[in-house]
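K.L.:
I'd like to ask you about the structure that follows.
Every read-out reported here was derived from the displayed coordinates using simple, explicitly stated rules and does not represent laboratory data. Bear in mind that the values here come from a model prediction, so they are computed numbers and not experimental data. Note that we place each Cβ from the backbone using ideal geometry, even for glycine, and neighbour counts take in every protein chain shown.
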Amino acid sequence: MSSADSDGEDRPVVTNGVELADEGFSAYVSFAREEWARLRSNTPLTLSEADLASLRGVNEQISLQDVVEIYLPLSRLLNLHVRSARTLGGVKDEFLGRLVGHPPYVIAIAGSVAVGKSTFARILQALLARWPDHPRVALVTTDGFLYPNRELESRGLMSRKGFPESYDRRRMVRFLADIKAGRRHVEAPVYSHRAYDILPDETLVVDQPDILIFEGLNVLQTGWGELGTAGHSPTIVISDFFDFSLFVDAPIGHIEGWYVTRFKTLQRTVFQNPASYFHHYKDLNEVECERVARGIWRDINLANLNENILPTRERANVVLTKRADHSVGEVRLRQI
């Protein structure tokens, strides 16, 4: 079996060092957009155009048709998974002879910078919250678990921001552990993209949601976020807390173009604010702006994508591949 890589090329799937191309086996079932759309069944459209406008990111033209054909089938699939998880929880209650209850169902969303994860997560949150089975849906991003800039500077990691080593791994794992334990008023740190830093006096309180969406660049990695002891293998990793995982994918050339376009838009708007960390870019002309954007993409974001993010793609339960216009053209559903 071979699977489409982000640059459009096929590559063999390898399991335990064995290529499965010659075995006629695939870890995923692939659906063209039209095939996936039919799996919506009778799931109602619960978002309006006004709702969608408030959820879109910079330069992302997600349409209601996209919601109908991609997001509604996905929300139906996730609803079925949540219901099944609760049924399985009831089995555990019966076996233990006591009420364990239903811990929050945790959905991970991974993918590159500029691929549209945040918009994707916000739309999915809005749709899942409209199902009567699970109206309380929280959304937390891993940005808040980055080390503060002063800590990154002291460790020499400012140029590695967004790489796995730039996150407070223990704090992230403890947050997810508290969520899964059903604790009340669990606090997550808050990150400001304008300040490009953690806000020391702000926290996001998550209070026993039905579903938690946890979105970030490297959430599907298995070798970070550990709570092991020095010199020993990790005993707990972030992915241990996930019930379902999604990877938002696209050809690398598309993602780079989206990143450069977004950087140019922000340079004309947000970066003009003196409070912006990137205010020093405010006077760049168009040529300089593109040169800077492509340099940042190449040296930081592309390196992180190739080294850390893409290698986790095959761990996702669902991989959604975007086309040049940000619409999803293919959905792959993991069958093992």
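K.L.:
Which residue fluctuates the most in the chain, going by a Gaussian network model with Cα springs under 10 Å, if the choices are 292, 91, 190?
P.N.:
91
K.L.:
Moving on. Could you give the length gained by full extension between residue 283 and residue 165, i.e. 0.36 nm per residue of separation minus their alpha carbon distance, to one decimal place?
P.N.:
Working it through step by step, the gained length comes to 39.2 nm.
K.L.:
Any chance you could run the full-extension gain for residue 81 through residue 151? It's 0.36 nm times the residue separation minus the Cα-Cα distance, nm to one decimal.
P.N.:
21.2 nm
K.L.:
Can you find, among 255, 156, 48, the residue farthest towards the positive end of the dipole of the stretch 32-334? Put +1 on the C-beta of Lys and Arg, -1 on that of Asp and Glu.
P.N.:
Among 255, 156, 48, the one farthest towards the positive end of the dipole of the stretch 32-334 is 48.
K.L.:
Given an 8 Å cut-off on Cα distances and at least 6 residues of separation, report the relative contact order of the chain as a percent.
P.N.:
23 percent
K.L.:
Another one. Can you give the extra length, in nm with one decimal, that the chain gains between residue 158 and residue 236 once fully stretched, where that is 0.36 nm per residue apart less the Cα-Cα distance?
P.N.:
Length gained between residue 158 and residue 236: 25.4 nm.
K.L.:
Near residue 92, which lysines are there with a Cα under 30 Å away, not counting those fewer than 8 places off in the same chain?
P.N.:
180
K.L.:
Quick one: net charge around residue 274, please, counting Lys, Arg +1 and Asp, Glu -1 for every other residue with C-beta under 12 Å from its C-beta.
P.N.:
Its environment carries a net charge of +2.
K.L.:
If only Cα atoms are counted, what is the Rg of the stretch 61-103, and what is its Dmax, in Å?
P.N.:
According to the Cα coordinates of the stretch 61-103, Rg and Dmax are 16.1, 51 Å.
K.L.:
Could you tell me how many cubic angstrom of Cα convex hull volume the chain has per residue?
P.N.:
166 Å³
K.L.:
State the antiparallel share, in %, of DSSP beta bridges confined to the chain, rounding to the nearest 5.
P.N.:
55 percent
K.L.:
Ok, one more. Please identify, among 157, 176, 74, the residue showing maximal mean-square fluctuation in a Gaussian network model of the chain using a 10 angstrom Cα cutoff.
P.N.:
157
K.L.:
Only Cα pairs within less than 10 Å get springs; with that Gaussian network setup on the chain, which residue of 173, 68, 29 has the largest fluctuation?
P.N.:
29
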